[in-house]
Amino acid sequence: MKMTSERKREKQRGMAIFFYATMLIFVVGCVGLAVDVGTIYMIRARLVAAVDAAALAAGRSVNLSNTVSQATTNASATATQFFAANFPTGYFNSLGTPTVTPTFIQESGGNGSPSGVLDIQVTASVAAPTYFMNIFNVHSITVSDTGVASRRGVVMMLVLDQSSSMNTSADPGSGLTACQAMVQAAGNFVNLFSPFDYIGLVTFDITAHLMDAPSTNHSQLSSDISNITCGSNTNTITALNVAYQQLVATGEPLALNSIVLFTDGSPNGITANFPARAIADSRFGPSLNSPDRSQPNGPAPPAQAGSSNPPAPGINNSCNSNVGIQDANGIWGNAICVGMPAVCTNASVTFQGTISQWGDQNSYGGSTYGLEPPQDGASVTIPSSCTYTNALAGTNVRQFIAYIPDTDIYGNNLHGVPATGSGPTVSGGLVTRDNWIFQVNSLCSPDPTVSPNCKNTGGLWSGFTNIGMGFNKFRSGTPYAGFFRPDQPNTVVAASMNGTMSQAYTIRSDTTYHPVINVIYLTGNGTDSVDREFLPIVANYPNIPALPYDPVSYTPYANPAFQTSQETGQYYVTADRNQLTSLFAQLASEVLRLSK
Amino acid sequence: MQTILDKKQMRRRKQGGNTILEFALVMVFLVPMFAGSFTIGLALAKDIQVSNVARDAVVLMVRSVTDPESGLDLSQTQNQRIIVRAASGLGMNSDAQQDPSSSGNAVVFLSKVVMVGPNECSLGVIPAPNGVPTTTGPGYGWNASNCANYGLYAFEYRVTIGNGTRWSSTLGSPPAGTVQANGTITAKNIATNTAGQVGNFSAVTGMTLSPSIFALVSEMYADVSFLNFFSILRNPTLYARSIS
């Protein structure tokens, strides 16, 4: 047995070498495969990181151009550059120069229309070397990967105030009026956006003008901005409404839908179905051979409806059930109430159009103005049952309309917006200007360069019992008790502010488009007062920042109408028109940051 | 038979010493080879980890810097733990809850570098430094003189996580005092502080940025000398950079 065993061993001697040689082929093959696969793995890992970085960078760079072709060229160059920074040529002995190909794809919604999201897709490939697979004539393996960055598009409406208060004298430094400074700043602003972004333009005075529907062609927009001239009043409510309708019409719910409102002060236009005045009452009137010295030779009161003879005007102070009519500066006699006959026979008919403040924000009379079309193409409706309809335009409007209704034609509450906090402007659950008087509480800026250096900041009428009417509404005992009076500029501004805040609230309530309202406020123009809360509320800014007139010790307080469920916008305030370019640039930076 | 068996036994006895000798000889080569394989293998694994941490950090930075409302403030320790946790095993933490250690074995530098353009100058030169208009018309308020960093690279952001005293960023550092608590640098310093320039940005990254375009750079250093048996690695420090 032992002999047999020894022989067997001797016979098996060559087998060990054979097995070893055979095993070596597999071992070497496995080792070679491990080395080659490991190399490919290392290269691919870096490639994935590099295409992701390239896609992100390309997405950022599409804002650098004015045309889509330029944008794609720039984005391609940026993608290549960022790819190379993360994946150097020859990394891990990779062969040749990697190819980098960016592609731009507009995502579509369920109905096939653009959703507002732009995908920037970067595909890169590179040849990975092989070491052991060379034996099998495989000299390289192509490794490729695709990175995708999604850029939220921008649909933005610029809403620019071109009211007459923007027509200031030229700045001694820049040589620009406020209107020109706004034009320059807005022009620069548009250039900061991508040609993939939709931008439109609404300008407004007493009428809102839709200059450009949102479009990716910004050249016409730039031209329209450069041609803006300023004049007339401030119908902010309609302008916001027109802008919002354009956002909805563009129909990109996943885009950043944004309104950028630039204004230099208080709104003073209300568009509503105003009830006809069919009851004679006593109200402020530009009449009586200029008892109001700011209205020389004003028109006489109208005749009683159905009569051809104008009545003998009677002067009385029955508008004022409070105290003598005296303005904030203690000047008497600047406003006269007249017994004013009714000019309409049917109280159920309405005038549709826009009324506005005319002149100063007086709390003791002065002029209101109307009716004007709220926007281009709209008409003014005049009931035929009223007399003197041919004299309707201008300051006579107070003779024809009974009162300012509680809501405007857009459904906005002209008494304010729901309050979420407390404060002096909160009343009856609303943040409201119902009880507000504007031409009081003068503050002077701690910065001597602010011009004008002092401005009225307004206050509650209850704190100023010796000034003016003491109230924005018709008093009890009068035919239209409880309604806003249309014959007092202070009231028109108060109702306009309420309506503007309400319009902004309505826009931000849209849960499909989630619009953001950003505001730039230039305080420095004209004699109009400044308001601390109004525009931060429009923007839904979390707190109420200081005005340029507030003392250094001013502490911001919580926005009493802040809505946590609605989008928060940016709010910038300045008294210096020369800062507008910077503020617009800052806003662009914020908008683009949110869109990335 | 007996004779043949005895001869074989004697031969085996003689070979007994040879086996030990051969084993010893083989081990002289095998031990360094295994140690080298172990070191290089682990170092490779750690290198991949360092690269991944740098990449993760830059992704977090994209979110943090471009969307402050995300609340992902990387200057806050609780947010830095995300990065420290990704660097587990590299000696970056100071405690079990993954707080970064200022004397540990690793560091991550997060930088945002911008090519200062008209936007940065507009934002940084408000109003003109002396309060007096410097020019008129377009570009009012700033010019190449009062916006000293115009056309140059400058730091906009810097956060250092970990042992920032042992290593320094290849891009350099913004001047002390200009970096705010949350890592940002004021618009004024970006536009006007020449000490905040990143002179070697193109040399380091090979990139050229257009005006107002920024790059987010994450760099990580890690000391892996703890796995450097027989000092096989000449420089046991790993470095990775990710740019987005």
For this session: Could you give me the radius of gyration and the Dmax of segment A:71-155, taking only the C-alpha atoms into account and expressing both in angstrom?
Result: 17.2, 58
Exercise. Do any trypsin sites (Lys or Arg not before Pro) in segment B:149-241 lie in a DSSP loop with no more than 10 other beta carbon atoms within 10 Å, and if so, which?
Worked result: B:R234
Exercise. Residues with amide H under 5 Å of A:V154's amide H, sequence separation 5 or more or different chain, H placed in the peptide plane at 1.01 Å from N; which?
Worked result: A:Y198, A:L256
For this session: Using only alpha carbons, build the gyration tensor for the protein assembly as shown and give me the equivalent ellipsoid semi-axes, biggest first, whole Å.
Result: 78, 26, 23
Problem set entry | Residue-averaged 222 nm ellipticity for the protein assembly as shown, from DSSP H runs of 4+ at -39500 (n - 2.57), nearest 500 | -10500 deg cm²/dmol
Exercise. Can you pull the mean other chain C-beta count within 10 Å for peptide B:53-65?
Worked result: 2
For this session: Could you work out the local net charge near A:Y198, counting Lys and Arg as +1, Asp and Glu as -1, over the other residues with Cβ closer than 11 Å to its Cβ?
Result: -3
For this session: Report the equivalent ellipsoid semi-axes for segment A:64-211 in whole Å, largest first, defined as the square roots of five times the eigenvalues of the gyration tensor built from alpha carbon atoms.
Result: 51, 20, 8
Exercise. Given the options B:N143, B:N163, B:N18, which has the most mean-square fluctuation in a GNM of chain B, springs set between C-alpha atoms less than 10 angstrom apart?
Worked result: B:N18
Seminar exercise, completed: Per-residue Cβ contact counts at 10 Å, fewest first, order B:L21, B:L110 as B:L21, B:L110
Seminar exercise, completed: Filtering trypsin sites (Lys or Arg not before Pro) in segment A:43-88 by DSSP loop and by at most 12 other Cβ atoms within 10 Å leaves none
Exercise. So how far, in whole Å, is the C-alpha centre of segment A:179-242 from the one of segment A:395-470?
Worked result: 28
For this session: Taking the Cβ of each residue in A:F92, B:F226, B:F155 as the centre, tally the other Cβ atoms inside 10 Å and list the residues starting with the fewest.
Result: B:F226, A:F92, B:F155
For this session: Take the Cα radius of gyration of segment B:2-243 and divide it by 2.2 N^0.38 Å, with N its residue count; two decimals is plenty.
Result: 1.58
Problem set entry | For B:V114, A:V68, order by how many other beta-carbon atoms lie within 10 Å, fewest first | A:V68, B:V114
Seminar exercise, completed: Mean other chain Cβ within 10 Å across A:46-56 is 4
For this session: Choose one answer from B:A195, B:A106, B:A181: the residue with the largest mean-square fluctuation in a GNM of chain B with alpha-carbon springs under 10 Å.
Result: B:A181
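Computed from the coordinates by the stated procedures, all read-outs in this text should not be read as laboratory data. As the structure is a prediction and not an experimental result, all values here were calculated from the model. Here the Cβ is made from the backbone with ideal geometry for all residues, glycine too, and neighbour counts use every protein chain on show.
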